[in-house]
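Engineer: My questions all concern the structure below.
Read-outs: derived from the displayed coordinates by stated rules, not from any lab. Everything numeric in this text was worked out from a predicted model, so none of it was measured. For neighbour counting, all protein chains shown are included, and Cβ atoms are generated from backbone atoms with ideal geometry for every residue, glycine included.
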Amino acid sequence: MAVDPIGATGAVEIRGALLRLRRTTGLPVAFGGLVDGGRPQMRISELCGTATPALSALAVTSGNGLGGKAVALARPCAVTDYSSSRQISHEYDTAVATEGLRSVLAVPVVVRRRVRGVLYGALRTAQPLGDRTLSAAMQAARDVEQALVLSDETRAVREEARAVLVAARAEPARGPGSGAALERVREAHAALRALAPRLTDPALRAELLDACDLLAGGVPGAPGACLAPRELDVLACVAAGATNAAAADRLGLRAETVKGYLRSAMRKLGARTRGEAVVAARRAGVLP
């Protein structure tokens, strides 16, 4: 069975957040899990400090119980005595009572306005959970949120990069003899150069850069005309027809920074204009 990398990342981050929450607050019990994809429920998968398996794999429906209320409202919720609280419904009383929990808080993990998980902290005595505990739980949830945002962005970049890589590898087989095919090669080269710095996976980043070298007709890993990686990124965008502003947007840089890289590349290539720099880079075998 294939492993969902996003779900795996979320589980690891929740586990770490629960450990930090217990260490920071002294809470004897912490647990949590991710919202099931496409379903209005959260499944408890991570347990820390529990004495029984009663809560393990428990599916909590949105709106039900304390965690379900936190999912539905997308905000923290707490009760001082779970079994007798009138603020929540009681579908999960048996599991909570089996674990011996009384005072419980639930903090949602919210990414782009969507609840992705819930962190719980609990006491086995009926006493209020103070602001310090709530603040620590909210910070733990923020940590998980940031990790999930990064994981989402990494997955999107990887998918985009692999799609461009497949298209780029297909072009040499077709032969860049026609003007249209050559322009597709150049556009693929520019897209790969723009994507590579955003990848956190060093193996995939190296694979993309090797593909760039092959598209350019050079040797994989060769420095080519002593151009710095960002100088080559900018030139690749310029060669594909991008303005400085468009190159800046594509590369995640400021327009002035792009101009600086372009001037530096022109100086190294002995070029007086953008066009001359592109031609010189192609002659050097670092641009297609």
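Engineer: Applying a 10 Å radius around every beta-carbon, put 128-140, 97-109 in order of their mean neighbour count, most first. Each step should come with its number before you reach the end.
Structural biologist: On the way: 128-140: 16.3, 97-109: 22.2.
Output ranking for 128-140, 97-109: 97-109, 128-140.
Engineer: Tell me which of 266, 235, 212 sits at the most positive position along the dipole axis of region 177-283, charges placed on C-beta atoms (Lys, Arg +1; Asp, Glu -1).
Structural biologist: About the Cα centre, the residue reaching furthest to the positive side is 266.
Engineer: Using the crude model of +1 on Lys and Arg Cβ and -1 on Asp and Glu Cβ, and no other charge, please compute the dipole size for region 177-283 relative to its Cα centre, in debye to 20.
Structural biologist: Dipole magnitude for region 177-283 comes out near 440 debye.
Engineer: Okay, next question. State log₁₀ I(q)/I(0) for region 177-283 at q = 0.15, 0.19 Å⁻¹ as given by the Debye formula over alpha-carbon point scatterers of equal weight, solvent excluded.
Structural biologist: Values, matching the q order: -0.58, -0.96.
Engineer: Calculate the spin-label point distance for residue 89 paired with residue 254, positioning each point 7 Å from the Cα along the beta-carbon direction, and give it in nanometres.
Structural biologist: 5.4 nm
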